[in-house]
Amino acid sequence: MKIGILDSGVGGLSVLREIRRLLPDIDIHYLGDSAWCPYGSKSPEQIRQRVGQIVDYLLELDVELIVIACNSATIHAVEWLRTVYPQPFVGMEPGVKPACSLTQTGVIGVLATEASIAGEKFLRLVDSTAQGVNVITQPCSKFVELVEAGRLEGEDVAAAIAEYTEPILSRDGDVLVLGCTHYPFLKPAIVSAVPETVQIVDTGEAVARRVQDLLPDESGQGSLVIETTADRDGMERLVEKLVPELLGESGVGRAGIG
Ligand code: DGL
């Protein structure tokens, strides 16, 4: 069984890590579209067009299921993809629903990209799951830049966390949703910067469970290929920093997409 996973860059590695934990034997092809990162500042049309190209590339490699390990791409492209391709897609969206069941104060913060927060699918999600809860949305473009640069701690990380969490914490928010797959890599820094009473929601594990539910067969060679549309060596360094446990089993390469 072989699956494809895509993201604008290294964010989807946070989802890959959860999938690998649950499904050690399946074969995985990961595509990080670093040449086009970030998706969060692109228009819905640009995101859809690019994601379509990457899906075509992955399908040529005979993957049987594709995980859109990117909230921005899911919000703007997954419904369209499902009308065009017969293959199953697993998407992801910010964990608004679990956050609403956790909040004591009735205020939650959703940290996500600009594109995700403006997306119609996201607005529908909030409408249908967050009745009676005050949902504060916060775009966090610096988080993606920091993670893509391999910076997970330090002064610039602390400053960005303070800037993005202050509008939520000052209004009594007690749950933070990590609504972009890059952000789980900053979770240790976020946890240490916010009060202990603040809970953090990340949907990577739930996505891995959904993939498991959809797979007819969990067997394979357990192979892992990680490709980037930009710099191969840079990707290898980031894999080593962000998911060192995966470097041993994976080959890192440059994808043949423009
Ligand atoms: N990791 C992506 C997400 O979950 C996108 C980050 C970006 O490229 O802006 O939204």
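The values are calculated or read from the model by the stated rules, or taken from the named source; none is laboratory data. Remember, it's a predicted structure, so these values are computed and weren't measured experimentally. Ideal geometry is used to build each Cβ from the backbone, glycine not excepted, and the neighbour counts take in all protein chains shown. When the accessible area is computed, the model is the full protein with side chains, heavy atoms only, and any ligands, DNA or RNA have been set aside. Shrake-Rupley method; radii C 1.70, N 1.55, O 1.52, S 1.80 Å.
Looking for something within 15 Å of the ligand (Cβ to nearest atom), in a strand (DSSP E or B) and over 19 Å from Gly204 (Cβ atoms) - is there at least one such residue anywhere in region 83-99?
no
Taking region 162-178, which residues are touching a Cys at 6+ places or on another chain (Cβ under 9 Å) and touching a residue at least 24 places away in the same chain (Cβ under 8 Å)?
Once the filter is applied, which keeps residues that are touching a Cys at 6+ places or on another chain (Cβ under 9 Å) and touching a residue at least 24 places away in the same chain (Cβ under 8 Å), region 162-178 yields Tyr164, Val175.
Determine whether Val63 is in contact (Cβ under 8 Å) with a residue 60 or more places away in the chain and more than 9 Å from the ligand (Cβ to nearest atom). Explain how you work it out, then say what you get.
Numbers: in contact (Cβ under 8 Å) with a residue 60 or more places away in the chain: yes; more than 9 Å from the ligand (Cβ to nearest atom): yes.
Taking the combined requirement at face value, the residue satisfies it.
Within region 194-220, how many residues turn out to be part of a helix (DSSP H, G or I), under 30 Å from Val157 (Cα atoms) and open to solvent by 70 Å² or more (accessible area, probe 1.4 Å)? If you could, list the steps in order and put the result at the bottom.
Kept after step one, since they are part of a helix (DSSP H, G or I), are these residues of region 194-220: 204-214.
Those still in the list that are under 30 Å from Val157 (Cα atoms) too: 204-208.
Pick out the ones that are also open to solvent by 70 Å² or more (accessible area, probe 1.4 Å) and you get 205.
Here the count works out to 1.
Quick check, is Ile75 open to solvent by less than 40 Å² (accessible area, probe 1.4 Å), within 16 Å of Val207 (Cβ to Cβ) and in contact with a Ser or Thr (Cβ under 8 Å, 6 or more places away or on another chain)?
The answer is yes for Ile75.
Of all residues in region 234-258, count the ones that are out of contact with any Gly (no Cβ under 8 Å at 6 or more places or on another chain) and assigned to a loop (DSSP other than H, G, I, E, B). Give the steps one after another, and end with the answer.
The first filter runs over region 234-258 and keeps only residues out of contact with any Gly (no Cβ under 8 Å at 6 or more places or on another chain), leaving 234, 236, 239-240, 243-248, 250-258.
Right, trim to assigned to a loop (DSSP other than H, G, I, E, B) and you get 243, 248, 255-258.
So the answer is 6.
Report, ordered by the first and then the second residue, all pairs with beta carbons closer than 8 Å, sequence separation of six or more or different chains, a first member in region 33-55 that is assigned to a loop (DSSP other than H, G, I, E, B), and a second member that is more than 9 Å from the ligand (Cβ to nearest atom) and basic (Lys, Arg).
Close Cβ pairs satisfying both conditions: Asp33/Arg50; Tyr39/Arg50; Lys42/Arg50.
Evaluate region 162-178: report whether one residue or more is within 19 Å of Val243 (Cβ to Cβ) and buried (at least 20 other Cβ atoms within 10 Å of the Cβ).
First pass over region 162-178, keeping only residues within 19 Å of Val243 (Cβ to Cβ): 178.
If we keep only those that are buried (at least 20 other Cβ atoms within 10 Å of the Cβ) too, we end up with 178.
There is at least one residue in region 162-178 that is within 19 Å of Val243 (Cβ to Cβ) and buried (at least 20 other Cβ atoms within 10 Å of the Cβ).
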